[in-house]
Amino acid sequence: MKPVDRHLADILATVRPLAPLEVEIESALGAVLAEDVASPVPLPPFDNSAMDGYAVRAGDVAAVPVTLPVIGDVAAGDGGLNALGPGLVTRIMTGAPLPAGADAVVPVEWTDGGTARVRIDRPAPPGNAIRRAGEDVRAGDVVLREGARIGPAQIGILAGVGRRRVLVRPRPRVVVLSTGAELSEPGTPLGAGHIWESNSFMLAAAVREAGAEGFRAGSVTDDPKEFMDTLDAQLLRADAVITSGGVSMGAYEPVKEALSPLGTVTFEKVAMQPGMPQGFGVVGPDRVPIFTLPGNPVSSFVSFVLFVKPALRTMQGLPAGPPATVRATVTAPVRSPAGKRSYLRAVLTGETVAPVAGQGSHQLAALATANALIVVPEDETSLPEGAEVEVIPL
Ligand code: AMP
Ligand code: MG
């Protein structure tokens, strides 16, 4: 059987970062920057007032109370200001440029608020309530680096440095296709021998949570031709494809039957539980990566975490590797088949981790109560209560 780490390494050696694309900043949420972004100007671009108040020469308000003539107003957005002479003040609003000659702002709360003359009751030291040009960003400073994930604050600073468009790696478009003659759409009645189809919903959501775009292509029956026709139609809009089911050892394995003859997708047994039957390769003229995951819901979920999620990071130009782990103490004995790495569903609370009841690979309800996977190495078949284990937080 193929080791888990080698299967991931093969996948990461095949997938490539998506080509960068220039987009409007409004459309950049969730994408990954494909350029360093520098500011063409200092931010703030000019010295300005941090408060509503009066622009003064600090020396004129060193001894208080003092009453001084108000020569006018400076509002936010004003340009071409006159210099402020000695013994004079001007009203000034938050964000308004500081007139030449002024070197402090007296907040309105320290005054009687006068408009022709103002009485100032507290001295303002030089520099008081002034935001200096460049104190956030100097001209030419890089404000965002290539590889940064773009969230709301990053969109804010892109606009703040005057950018309208930006070069990103787009969110990969991932099509999720389930197979199984026994699958009924949720929301429709359950026929005899049927179950409601859950994997395409779960996997499309996992794709979105991983920062990519997940599209459900629904499910097809166990007819290899129907599978292939649906796949062909979906390839047009896909940067990657995930299938579920139809890759194990039984009869009626449409994914394996349809893709094996192509020679570009490899079906293997990976030394893990759940999730042993795995397939990966490329399909179509654009050589779109395809992950053919096993159909058991817990198996396909764990396979996504171990293999697909890192691949989606590579496609987004992000560093990728095995999922991050923490160490914790297990609250109950655990068992694991020899020669396979187990991923047991568990609840992680602080430094302890409790396996959930129901470790079958079909037990989706148990998975839905878990927030972590306990990793039991290939050479361990049992671990006692209190053992220190490696845990993947979900
Ligand atoms: P397969 O990998 O196709 O042999 O399926 C393994 C098990 O997973 C079977 O019990 C299937 O009924 C179940 N299964 C397969 N696909 C899905 C799906 N999309 N949603 C829920 N269960 C599924
Ligand atoms: Mg099946």
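For the reader, a short list of remarks on this structure follows.
- For GLU213, the residues whose amide H sits under 5 Å from its own are ARG173, VAL174, ignoring neighbours fewer than 5 places away on the same chain, with H placed 1.01 Å from N.
- A probe of 1.4 angstrom, applied to the heavy atoms of all protein chains, finds VAL74 with accessible area near 10 square angstrom.
- Across region 301-311, computed HN-Hα scalar couplings (Karplus, 6.51 cos²θ - 1.76 cosθ + 1.60, θ = phi - 60°) run 5, 4, 4, 4, 4, 7, 10, 6, 4, x, 5 Hz from first to last residue, x flagging Gly and Pro.
- Ordered by 1.4 Å accessible area with all protein chains kept, LEU236, LEU88 run largest first as LEU236, LEU88.
- Rounded D (µm²/s) - region 1-97, Kirkwood Rh over Cα pairs, Stokes-Einstein at 10 °C, 1.306 mPa s: 82 µm²/s
- Table column - 3J(HN,Hα) (Hz), region 101-116, Karplus curve with 6.51, -1.76, 1.60, x for Gly and Pro: x, 6, 9, 7, 10, 9, x, 4, 5, 9, 9, 8, x, x, 10, 9
- When a 1.4 Å probe is rolled over the protein heavy atoms, the share of accessible surface on the chain that falls to carbon and sulfur comes to 54 percent.
- Pairwise Cα inverse-distance average, inverted: Kirkwood Rh of the chain (Å): 25.4 Å
- Distant-in-sequence amide contacts of VAL283, defined by a placed amide H-H separation under 5 Å and a gap of 5 or more residues or a different chain, comprise VAL288, ILE290.
- With DNA, RNA and ligands ignored, accessible area of SER27 (1.4 Å probe; Å², nearest 10): 80 Å²
- For the chain: lysine pairs under 15 Å (alpha-carbon distance), excluding those fewer than 8 apart on one chain: 5
- Averaging the sequence gap over all C-alpha pairs within less than 8 Å and six or more residues apart, then dividing by the number of residues, gives region 40-137 a relative contact order of 43 percent.
- Distance between modelled label sites at ARG138 and VAL282, nm, 7 Å Cα→Cβ extension: 4.5 nm
- The chain - share of DSSP beta bridges that are antiparallel (%, nearest 5): 70 percent
- Relative to its Kirkwood radius, the Cα radius of gyration of region 146-217 gives an Rg/Rh of 1.25.
- Between GLU385 and LYS269, the modelled label-to-label distance comes to 3.5 nm, taking each label 7 Å out from Cα in the direction of the beta carbon.
- Shape category assigned to region 162-284 from the gyration tensor of Cα positions, a/c cut at 1.5: prolate
- Reducing region 312-347 and region 6-52 to their Cα centroids gives an inter-centroid distance of 30 Å.
The values are calculated or read from the model by the stated rules, or taken from the named source; none is laboratory data. All of these numbers come straight from a predicted model, not from anything done at the bench. When we count neighbours, we look across all protein chains shown, and the Cβ atoms used for this are built from the backbone with ideal geometry, even at glycine. The accessibility values were calculated without ligands, DNA or RNA, using every heavy atom of the protein model including side chains. Shrake-Rupley method; radii C 1.70, N 1.55, O 1.52, S 1.80 Å.
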